[in-house]
Amino acid sequence: MTFDRANLVHRYGWVIPVLVFTSAIIFHIHLPGLYFDAVNPDFVAAQKLHPTHLHNPSATLPSKIFPILGSLYHGVQNLYVDLPIFAIFGCDVAPLRIAQASFGAVLLVAFFIVAQRLTRSTTLAMLGALGLASEIAFTASFRTQFYIVMGGATWLFVSLMLALQSNPDERVPMHRLFWSGFFAGLAAYGYFVLLFFVPGMLALVAFRPQSDRRQLIRWGCGLVAGFAPYALGYLSLVIKLHGVSPTVAFIRRMLDMLHPLQGSGTSGSNLLYAWQMARLAITNSGNDAMIFGYSLPSWWGETKFYVFAACTLILVAWSLVYSLRRRKIPSWALIGLLPLSYIVAASLLGSRLWAHHFCVLVPFVYLLPPSLVANMPIKLRMNPMMRGAVMGLAGAGCLLGNGSQQYTFHQHLARSGGEGMSTYALTQLALEARHAPSDTAYLFPEWGFFTSFGLLTENKVRFTEDVAPETLSDLRRLGYEDLRLTYWHPADRDRYAQILWEAGIPATTERTFTTLDGRPVFYWLEGRFAPGEVAPPKDGRPDRPQAAPQATAAPAAHAPAALPETAPPSDPAR
């Protein structure tokens with residue numbers, strides 16, 4: 001058998017970028033801590049694997065069958081990837097990060113093939129994929145709430161892979177176009193913002209060479225089929241809530257809380273805001289804000305953003321030139337319409353979107369330049385050796401710049417373990433709670449605590465989201481004598497101490513949780529109910545909680561925060 005190295009690299013070259021990406025993921029894998037939405041809906045997997053009598057809060061939309069929608073505008077695909085991984089390796093930070101990053105690995109494989117088909121060059125595809133695999137704005141997205149949006153982008157690149165020809169003279173088979181449309185729809189199930197790429201994908205299918213109306217219709221049929229999980233989710237919601245009217249009322253209540261159209265509309269300021277959010281995502285300032293509460297300045301990150309913007313505009317301009325000449329537009333030029341359609345569509349929602357919604361543009365930073373360089377109508381006069389040297393130097397420079405950003409990021413990460421609502425202390429809190437006495441309940445009246453706690457305690461420790469008098473009274477009737485209340489700001493200490501005192505806890509002890517380098521990040525009050533007569537249970541549940549099985553202790557992990565002008569919306573809406 002003849003060993004064909006070139007063919008091997010052509011077919012399996014994606015393995016190298018995937019290994020680079022995996023290395024970046026497992027380095028400091030327990031850091032930072034788990035921000036509330038960085039583990040939502042994943043924490044529901046712990047509830048499914050470890051159902052208990054505790055009735056702890058959950059976070060998916062009501063469903064008559066199994067969980068289908070995590071909210072009105074995104075699905076729960078991560079939940080079903082988590083289930084087998086958690087069942088084998090347990091509910092811990094490392095298995096969670098591996099499960100979430102599996103979407104990034106699939107995206108890299110699809111990216112490599114897409115780049116090959118656009119550039120007709122395995123070398124350029126490899127350079128682009130290595131750039132993306134080492135990009136901090138990509139790898140860090142699987143440490144924050146950005147992961148759920150990036151997971152949707154995985155199916156976008158699978159859709160692109162299926163829509164593009166393997167060679168210029170090939171006509172894409174109809175069945176591939178259907179599945180391309182299907183995965184474009186499935187991307188939107190991952191997260192609704194992936195719909196913003198649909199106009200660009202439609203243009204790619206409709207205007208490239210050898211396209212016709214039948215291809216467009218077949219792709220559109222696949223797109224509709226890809227929306228099936230949403231249809232099934234809403235149908236299950238209607239059945240669960242016993243009718244259309246209660247469902248409409250439920251959706252209206254949720255929309256009133258989310259205010260999805262606040263700040264929306266067509267305006268120059270909204271378009272400028274969208275470009276600013278794209279900049280935060282591409283430079284990694286968005287992930288920095290979530291984890292540290294401040295950005296880590298990088299000239300290289302800024303350079304990549306402006307290269308992305310320039311390549312987008314140049315490719316769109318070439319598409320217009322082809323169109324004005326009434327010629328079919330090549331796929332390599334049409335690819336520039338995807339990020340443009342995303343930014344224009346996203347601008348319609350204005351300030352309701354933040355940087356994490358724009359992280360899906362990061363792969364295009366490494367897709368557009370190779371597409372442009374490989375297909376420039378004006379070729380640079382270089383011999384093959386000179387061309388290879390230039391590409392090698394450019395690739396090496398890119399990897400060095402990315403390595404510099406990775407180093408700075410991990411240096412800050414190892415020092416603090418994350419800050420604010422991404423703090424390592426959240427993991428510490430949950431790991432300690434695994435060994436709490438069975439009569440202990442945790443109170444989380446403030447946003448940001450319970451999802452990571454529910455996952456890391458495997459749903460075996462009682463917690464509540466409020467401190468209403470009736471809630472505390474119910475806990476006491478159920479036999480929970482020891483209460484531990486957490487809060488973010490020291491100014492709230494007296495208010496919560498008063499609430500506990502009124503509930504029958506005359507004395508409390510205080511504790512401060514800190515970052516790895518010793519700075520206060522959140523606090524708790526702990527106290528026991530004073531001896532006295534306890535009213536009988538109202539609901540027939542047992543007077544004393546059953547003892548929760550003790551989980552094996554795990555190594556402590558780490559955590560996130562937020563920035564002033566770069567801070568995400570303060571409400572729980574993603």
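The values are calculated or read from the model by the stated rules, or taken from the named source; none is laboratory data. This one's a predicted model, so the numbers in the text were calculated from it and none came from an experiment. A quick note on method: Cβ atoms are made from the backbone with ideal geometry, for glycine too, and the neighbour counts reach across all protein chains shown. Remember, those area values only see protein heavy atoms, side chains included, never the ligands or the DNA or RNA. Shrake-Rupley method; radii C 1.70, N 1.55, O 1.52, S 1.80 Å.
Annotations
- Peptide packing: for 235-244, 119-128, the average count of neighbouring Cβ atoms within 10 Å per residue gives the ranking 119-128, 235-244, highest mean first.
- Of 447, 356, 480, farthest towards positive along the dipole that unit charges on Lys, Arg, Asp, Glu beta carbons give the chain: 356
- Dividing the radius of gyration of the alpha carbons in the range 180-312 by their Kirkwood radius gives 1.07 for Rg/Rh.
- Projected onto their three principal axes, the Cα atoms of the range 277-396 cover extents of 48, 37, 15 Å, largest first.
- Couplings for the range 95-109, taken from phi via the Karplus curve 6.51 cos²θ - 1.76 cosθ + 1.60 with θ = phi - 60°, read x, 4, 5, 5, 4, 5, 6, 4, 5, x, 5, 5, 4, 5, 4 Hz in order; Gly and Pro are left as x.
- With a Förster radius of 41 Å applied to the C-beta separation of residue 324 and residue 65, the computed FRET efficiency comes to 0.20.
- Overall Cα dimensions of the range 1-157, principal axis frame, Å, largest first: 62, 35, 31
- Debye intensity ratio I(q)/I(0), log10, the chain, q values 0.11 Å⁻¹ (C-alpha model): -1.03
- Two-site label geometry, residue 167 and residue 492: point separation in nm, points 7 Å out along Cα→Cβ: 6.4 nm
- Summarising the label geometry, the points placed 7 Å from Cα in the beta-carbon direction at residue 7 and residue 248 lie 6.3 nm from one another.
- Volume per residue of the convex hull around the Cα atoms, evaluated for the range 415-528, comes out as 93 Å³.
- Once all protein chains are placed together, residue 447 keeps about 70 Å² accessible to a 1.4 angstrom probe.
- Whole-percent carbon and sulfur share, accessible surface of the range 472-517, 1.4 Å: 49 percent
- Shape metrics for the range 356-437, restricted to C-alpha atoms - Rg then Dmax, Å: 21.9, 75
- Burial order of peptide ranges 92-102, 279-289, 314-324, 351-361 (average beta-carbon count within 10 Å, highest first): 279-289, 351-361, 92-102, 314-324
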